[in-house]
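Taking it in order: structure first as structure tokens, then the write-up.
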Amino acid sequence: MSEYALILASTVVVNNLVLDRLLGVCPFYAVSRKVETAIGMSSATLFMLTLSSAASYLLFTYLLVPLGLEYLRIILFILVVAVVAGFTRWTVEGVSPVMYHLLGIFLPLAAVNCAVLGVALLNLQQPHGFTQSAFYGFGAGLGFSVVLIFFSSLRERLAVADVPTPFQGASIALVTLGLMSMAFMGFAGLVKA
Amino acid sequence: MTSSMPGFAPDSEPHSVSSIMRQVLYALVPGIALYVWFFGFGIVINCLLATSVALVSEGIMLRLRKRPVTPFLTDGSAVVTAVLLALAMPPYAPWWVTSIAAIFAIVIAKHLYGGLGYNPFNPAMAGYALVLISFPAEMTTWPLPHMLSEMRPGFIDSAMIIFADQPTGALKLDALTGATPLAHVKSELGNMRMVSEAVGAPIFGMLGGKGWEWLSLGYLLGGVWLLYKKIIKWQIPVSMLAGLFIMAVVFYLSDPEIYLSPVFHLFSGATMLGAFFIATDPVTAATTPLGRIIFGAGIGILTYVIRAWAAYPDGLAFAVLLMNAAAPTIDHYTQPRILGEGRQ
């Protein structure tokens with residue numbers, strides 16, 4: 001139990017995907033203009049990260065390691081991420097058209113997201129089993145989502161601020177991301193690595 | 001209150017920005033007076049230094065942004081930011097650390113966002129967090145009140161420590177400084193000692209750390225006066241102190257040898273300064289009544305989490321910045337429904 005709590009604390013706040021690992025900053029910036037799109041992207045990423053982290057763990061442990069082909073993991077994981085994205089799309093389309101409409105454009109976006117591949121690879125560096133791997137993906141997705149939703153609300157407020165011309169747009173958004181990253185450094189040492 | 005309110009023009013109305021800022025500064029007087037009494041003149045020099053650096057930065061930024069310089073410069077918001085920053089810093093921090101923090105607070109955290117009223121992060125806490133992360137050695141050297149009572153550095157000596165890094169004559173900086181009570185307990189716990197052993201050190205007083213408890217009472221007094229004058233609203237201080245207190249009670253009861261007492265948490269570190277003067281900044285806090293309660297409680301809980309389990313002994317600055325980041329989201333979800341909205 002506490003092991004899972006530690007994985008969550010580590011992935012959501014201490015080693016936050018965006019603010020500490022600096023992964024997935026590009027989609028993070030692209031979809032954070034509005035809170036609604038941020039929520040759509042968050043759900044898609046959360047779903048994708050959990051599935052792909054678990055699937056890539058299974059394939060690595062039961063396919064690549066027995067065959068001695070560990071060096072193929074990056075190529076295989078790219079494939080896994082693409083398949084998971086396609087699979088998620090079909091499932092969601094069949095199960096809930098409303099959800100599909102909501103997530104629709106974000107699933108392909110999440111599929112080409114460096115964060116998804118990054119989490120699958122980072123997970124292998126930890127002594128994780130199957131459930132821990134799924135949890136690791138879920139926690140990373142949760143951390144991504146929380147920060148993305150906070151950031152999108154902040155950006156809606158920034159849109160009406162009197163920002164000096166050279167800093168409008170991407171500059172002030174990245175300055176904000178830096179300040180958020182600084183705030184998250186307060187969690188340093190919360191989980192002993 | 002470090003900055004100011006959106007939509008308020010700096011003028012001489014009774015509740016104008018400059019009059020609010022002036023009253024906030026008055027409310028800090030008891031705390032600053034006690035600070036000088038227990039920790040010497042360093043804080044006065046630091047306040048003056050931070051204020052001058054902040055005002056110069058503010059002036060340059062206003063000029064660069066082609067905004068009227070005099071009305072914004074005299075509204076007092078930069079002075080309040082600078083004084084709060086100085087109160088958060090170690091009183092004998094080298095001049096360049098204080099200056100970097102003040103420049104970062106005014107230029108990056110305030111003016112890049114459009115200045116007065118638009119900054120999402122508390123400028124003083126952003127400046128403080130920057131130097132705390134960047135210069136941990138300078139930022140963890142605090143004067144020990146029980147040493148200072150024997151050889152108190154005067155005004156000149158304090159200035160020498162801050163600007164030239166060495167006191168004159170027989171004073172030795174190393175002998176005067178050490179860890180804060182919160183940091184001391186943290187490192188003792190790290191060495192597998194008990195809380196009851198750690199608080200036996202001479203830096204501890206009745207409620208919290210020696211000297212620190214009186215400072216906290218001074219800030220509490222000023223804060224209550226601000227509440228009485230209706231400069232700040234009750235929700236944030238009350239919910240912040242309650243959040244910290246409840247967390248501390250729960251864990252203290254679970255194991256008093258590992259967790260500090262709730263009263264200690266309330267009267268040490270930046271708790272009282274944060275609750276009444278920093279978290280209540282109307283620009284960077286949540287604005288709805290329920291939102292303010294969530295915002296305050298979040299700061300209290302996060303401060304406890306960082307103090308108890310993370311690497312930094314006092315987490316208040318980080319807790320404030322984290323909740324600043326969350327404030328627009330809190331507002332978004334606690335906005336009262338307009339009639340008919342949200343129905344399908």
Which value, in square angstrom to the nearest 100, describes the accessible area buried between chains A and B on both sides, using a 1.4 angstrom probe? 2700
Nearest 0.05, what FRET efficiency do A:I78 and B:K233 give at R0 = 60 Å with Cβ-Cβ as r? 0.70
Given B:P94, B:L215, B:A54, which one lies farthest toward the positive end of the charge dipole of chain B, if we put +1 on the Cβ of every Lys and Arg and -1 on the Cβ of every Asp and Glu? B:A54
Region B:55-71 - phi-based ³J(HN,Hα) in whole Hz, Karplus 6.51/-1.76/1.60, Gly and Pro as x: 5, 5, 4, 4, x, 5, 5, 5, 5, 4, 7, 6, 10, x, 7, 4, x
So how much slack lies between B:T70 and B:I156, counting 0.36 nm per residue of separation and subtracting their Cα-Cα distance, in nm? 27.7 nm
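I need the shape label for region A:77-193. Rule: rounded when a/c is under 1.5, else prolate if a/b > b/c, else oblate, with a, b, c from the alpha carbon gyration tensor. Spell out each step's value before the answer.
Working: a/c = 2.39, a/b = 1.28, b/c = 1.86.
Since a/c reaches 1.5 but b/c is at least a/b, the shape of region A:77-193 is classed as oblate.
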Computed Rg/Rh for the protein assembly as shown (Cα atoms; Rh = Kirkwood radius) stands at 1.01
HN-Hα J couplings of region B:255-269 from phi, Karplus 6.51/-1.76/1.60, θ = phi - 60°, integer Hz, Gly and Pro as x? 6, x, 8, 10, 10, 5, 5, x, 5, 4, 4, 5, 10, 10, x
If each residue of separation counts as 0.36 nm, what is the full-extension length gain between A:A5 and A:A170 once their alpha-carbon separation is subtracted? 55.9 nm
Report ³J(HN,Hα) in whole Hz for each residue of region A:63-79, in order, from the Karplus equation J = 6.51 cos²θ - 1.76 cosθ + 1.60 where θ = phi - 60°; Gly and Pro get x. 10, 6, 5, x, 8, x, 10, 4, 5, 8, 4, 5, 4, 5, 5, 4, 4
Collect residues whose amide H, placed 1.01 Å from N in the peptide plane, falls under 5 Å from the amide H of B:G208; neighbours closer than 5 in sequence don't count. B:E213
From Cα pairs below 8 angstrom and at least 6 apart in sequence, can you work out the relative contact order of chain A, rounded to a whole percent? 43
Computed [θ] at 222 nm, helices only, for chain B once each DSSP H run of length n ≥ 4 contributes -39500 (n - 2.57): -18000 deg cm²/dmol
With R₀ set to 22 angstrom, the calculated FRET efficiency between the beta-carbons of A:S181 and B:F135, to the nearest 0.05, is 0.75
Determine the per residue accessible area of chain B with all protein chains present and a 1.4 angstrom probe, expressed in square angstrom. 40
Under the 7 Å Cα-to-Cβ spin-label approximation, A:V98 and B:N191 lie apart by a distance in nanometres of 6.1
Farthest toward the dipole's positive end in region A:2-187, which of A:T165, A:M99, A:Q125, given Cβ charges of +1 (Lys, Arg) and -1 (Asp, Glu) about the Cα centre? A:T165
Counting pairs of alpha carbon atoms under 8 Å apart in space and at least six apart in sequence, what relative contact order in percent does chain B give? 20
Over 32 Å between Cα atoms, which of A:K34/B:K233; B:K66/B:K230; B:K186/B:K229; B:K66/B:K233; A:K34/B:K230; B:K66/B:K229 qualify? B:K66/B:K230; B:K186/B:K229; B:K66/B:K233; A:K34/B:K230; B:K66/B:K229
Based on the alpha-carbon gyration tensor of chain B and its eigenvalue square roots a ≥ b ≥ c, which shape applies: rounded if a/c is under 1.5, prolate if not and a/b is larger than b/c, or oblate? oblate
Just to confirm, what accessible area per residue do you get for chain A at 1.4 Å probe, in whole Å²? 47
Sort A:35-46, B:103-114, A:80-91 by packing, meaning the average of other beta carbons within 10 Å per residue, with the highest value first. B:103-114, A:35-46, A:80-91
Which percent of the accessible area of the protein assembly as shown is formed by carbon and sulfur heavy atoms (probe 1.4 angstrom)? 70
Gyration tensor verdict on region B:158-289 (Cα atoms; rounded if a/c is under 1.5, prolate if a/b is larger than b/c, oblate otherwise): oblate
Considering only the other residues whose Cβ falls under 13 Å of the Cβ of B:A102, what net charge follows from Lys and Arg at +1 and Asp and Glu at -1? 0
Largest fluctuation, B:M194, B:M240, B:M323 only, Gaussian network model of chain B with Cα springs under 10 angstrom, belongs to B:M194
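The values are calculated or read from the model by the stated rules, or taken from the named source; none is laboratory data. Note that the structure is a prediction, hence the values are computed from the model and not measured. Note that each Cβ is placed from the backbone with ideal geometry, even for glycine, and that neighbours are counted across all protein chains shown. The area values use the complete protein model at the heavy-atom level, side chains included, leaving out ligands, DNA and RNA. Shrake-Rupley method; radii C 1.70, N 1.55, O 1.52, S 1.80 Å.
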